[in-house]
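Written below as structure tokens is the structure these notes are about.
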Amino acid sequence: NLLWPAAEMAPHKMENTPSCIVKRLIAPIDKSARNVTMDNWFVSDTLGKDLLEKHKITCVGTIRRNKREIPQEFLTTKRKLCSTLFGFTNNFTLFVLHTEKNCFACFEHSP
């Protein structure tokens, strides 16, 4: 099993951190300049930078509100409903959509 091998079946131990799982899954498309979409369990700023710099792959996904990579300005809920807030750096885009039920933060690494 590629993702979580059973200990008794695996000939060697595999690390099952989110970043290691993603790197095993992208191996067939390494350096192909494609995009990977991830959910919030796999998303991290360091993984996104690593995929872009070493593997030439961009990624997009939702990110949890408790991640320290999100600036405080993006976490406030005192904005108007259905408003968006965008933040940019050279290889990183962060946006927050404020809805009635929740705030969703998404990020994207781009070349």
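The values are calculated or read from the model by the stated rules, or taken from the named source; none is laboratory data. For clarity, every value in this text was computed on a predicted model and none was experimentally measured. Because the Cβ atoms are built from the backbone with ideal geometry, glycine has one as well, and the counts that use them run over all protein chains shown. Protein only, heavy atoms only, side chains kept; ligands, DNA and RNA dropped before computing areas. Shrake-Rupley method; radii C 1.70, N 1.55, O 1.52, S 1.80 Å.
Scoring Thr76 on the criteria (1) at pLDDT 80 or above; (2) more than 19 Å from the chain's Cα centre (by Cα) leaves a single failure, condition (1).
Residue count for segment 30-40, restricted to those that are closer than 22 Å to Pro71 by Cβ and in contact with a helix residue (DSSP H, G or I) (Cβ under 8 Å, 6 or more places away or on another chain): 1.
The set of residues in segment 29-50 that are surrounded by 16 or more Cβ atoms within 10 Å (Cβ to Cβ) and assigned to a helix (DSSP H, G or I) comprises Asp45, Leu47, Gly48, Asp50. May I ask you to list the residues in segment 51-89 that are in contact (Cβ under 8 Å) with a residue 24 or more places away in the chain, outside any loop (DSSP other than H, G, I, E, B) and touching a helix residue (DSSP H, G or I) at 6+ places or on another chain (Cβ under 7 Å)? Selection gives Thr58, Cys59.
Taking the listed residues Ile63, Ile70, the one that is open to solvent by less than 30 Å² (accessible area, probe 1.4 Å), within 16 Å of Ser19 (Cβ to Cβ) and at pLDDT below 85 is Ile63, with no other qualifying.
Would you check which residues across segment 77-97 are closer than 18 Å to Asp50 by Cα and open to solvent by less than 70 Å² (accessible area, probe 1.4 Å) and list them? Asn91, Phe92, Thr93, Leu94 - these are the residues of segment 77-97 that are closer than 18 Å to Asp50 by Cα and open to solvent by less than 70 Å² (accessible area, probe 1.4 Å).
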